[in-house]
Amino acid sequence: EKTPNTNKLKEIKISIDPWKTPPPSSRHEEVVTTRTRIGHSRLTHLHLITKEDSPTCELCDKALTIKHVTLECPKFICSRQILANNLRS
């Protein structure tokens, strides 16, 4: 049975197999990694506590999400290229 394309978990992990990453070195690292994967951060969720409007990207005027910042926003193209180059070497 197929899951709908709106399934947020499926966006970050297609299968139910364990993550193929090294084990975290600390509980803090595990929490940061998990929150990043599911898109929960101060940047994206602080407005829920402060009861303000959802944040939007200053450049694109789109919803400010981890996915937008790390993969989509043109503001960070150079940073993404530098990171990709560093990961290759």
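Structure summary
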{"read-out": "Hey, PRO55 at pLDDT 95 or above and either over 15 Å from the mean Cα position of the chain (by Cα) or farther than 24 Å from TRP19 by Cα (or both) or not", "value": "no"}
{"read-out": "Condition met for LYS51 (of a type in the set (Lys, Arg) and at negative phi)", "value": "no"}
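The values are calculated or read from the model by the stated rules, or taken from the named source; none is laboratory data. All values derive from a computational prediction rather than experimental measurement.
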